[in-house]
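Single-structure report; data block below.
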Amino acid sequence: MDVVELNDTNRIEWDAFVWECPTSNQFHLEGWRSIIEEVYGHQPRYLLAKDGKQVRGILPLIPINSRLSGRYVTSLPGGICALDELAADLLIEAAEEIVKSVNATYLILRDSYQKWSSPDLVTNDDHCTLLVELDGDPEKLWYRVNRRTRQSVKKAYKADLQVTHGRDYLNEFYPVYLQALQDKGTPTQGLAYFKRLIEEFPSIFDVFLVCQAEQIFGGGIVALFKNTIYNTWSGMPRRFYDLNTSYILYWETIKYGCNNGYQWVDLGRSEKDSGVFKFKNQWRGELVPLYQQFYLNGISTPPAVGNQRSRQLQYRIFFDVWKNLPPYLTELLGSQIRKRMPFG
């Protein structure tokens, strides 16, 4: 078995493997390579483990060289997608060589459903996702959640909130998403990023809006991949929390999945026992661990992941400053900062 890099002759093999492999997600698709190149200017390294003509595993990597956060190499969410440990081990070895060749301080395999057993990797298992199993009859799921959750959804309906969806709603969704991220002190990926991914994957990504007549209160961008709806990006400005906007968005997403033949809704990554986790846990999903695995090159401690960064002084200062910037400035600077710092 050998590891080779993606090129024009094996592009079809890559996506064919993604659609067939049971542990793949939408971030493994080859089209992300051009998005990362065009929007952020990075040069991804896409690795395939092949046994003769058969693809056994893939690993999409992005080497990042930043004055803000140094040199590191990150996978896209999902990390390694492989059929066996041998293919994964070979991909890890090839990734380690890339880390050394670009003089990076670490490699992170992000949000993997599988914990790979390589002795070179340090594992953080503080995060998880919740998978809600769907049913053709959404009423069965309605009565599975507790009474308080149902009441919160009903209050949103009584306030005449509704959820609509369509890719054409991106421009309406983005300003409230920008505000929601600023409330958290987090830079946005940039409108150009989302426009480009919808252009690249028109049948996979959809925009869900929570609205009341002409007013937009929030929403999310979901991925429709295989038999699962992935809650990929969502945003609700804090000033709308009392309207139960998140409750109606999650419930309508679940209903949509039930009514359109999907098997699961993946509610997205959260830190175990955090406030976000407790909200998502109301929907009675199955807890699935997500692993962040690191190869360290010249450092002894892995970097913080997700909300863990808020416990570090330099990030707390950054978040506090970012929350108070004018919105036009957060859009102007957000994508430039986002591509240089490990906010994912």
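Details
- Loop-located trypsin sites (Lys or Arg not before Pro) in segment 268-308 (DSSP state other than H, G, I, E, B) with a sparse environment of at most 14 neighbouring Cβ atoms within 10 Å: Lys272, Arg284.
- Loop-resident GluC sites (Glu not before Pro) (DSSP state other than H, G, I, E or B) in segment 214-302 with no more than 10 further Cβ atoms inside 10 Å of their Cβ: Glu214.
- Angle in degrees between helix 170-184 and the longest Cα principal axis of the chain, rounded to the nearest 10: 80
- Per-residue [θ]222 nm for the chain (sum of -39500 (n - 2.57) over DSSP H runs n ≥ 4, rounded to 500): -10500 deg cm²/dmol
- Take every DSSP beta bridge whose two residues both sit in segment 30-120; close to 90 percent of them are antiparallel.
- Degrees, to the nearest 10: 85-101 long Cα axis against longest axis of the chain: 80
- Here is the list for segment 140-194: trypsin sites (Lys or Arg not before Pro) lying in DSSP coil, each with at most 15 other C-beta atoms within 10 angstrom of its C-beta, are Arg144.
- Antiparallel DSSP beta bridges within the chain, as percent of all bridges there, nearest 5: 90
- Residues considered: Leu107, Leu68, Leu90. Largest GNM mean-square fluctuation over the chain, using C-alpha springs under 10 Å, is found at Leu68.
- For the residue pairs Lys50/Lys272; Lys154/Lys339; Lys115/Lys280; Lys140/Lys272; Lys50/Lys226; Lys115/Lys154, the alpha carbons lie more than 31 Å apart in Lys50/Lys272; Lys154/Lys339; Lys115/Lys154.
Readers should treat all values here as calculations from the given coordinates under stated rules, not as data from a laboratory. No experiment lies behind these values; they were computed from the predicted model shown. Cβ: placed from backbone, ideal geometry, glycine included. Neighbour counts: every protein chain shown.
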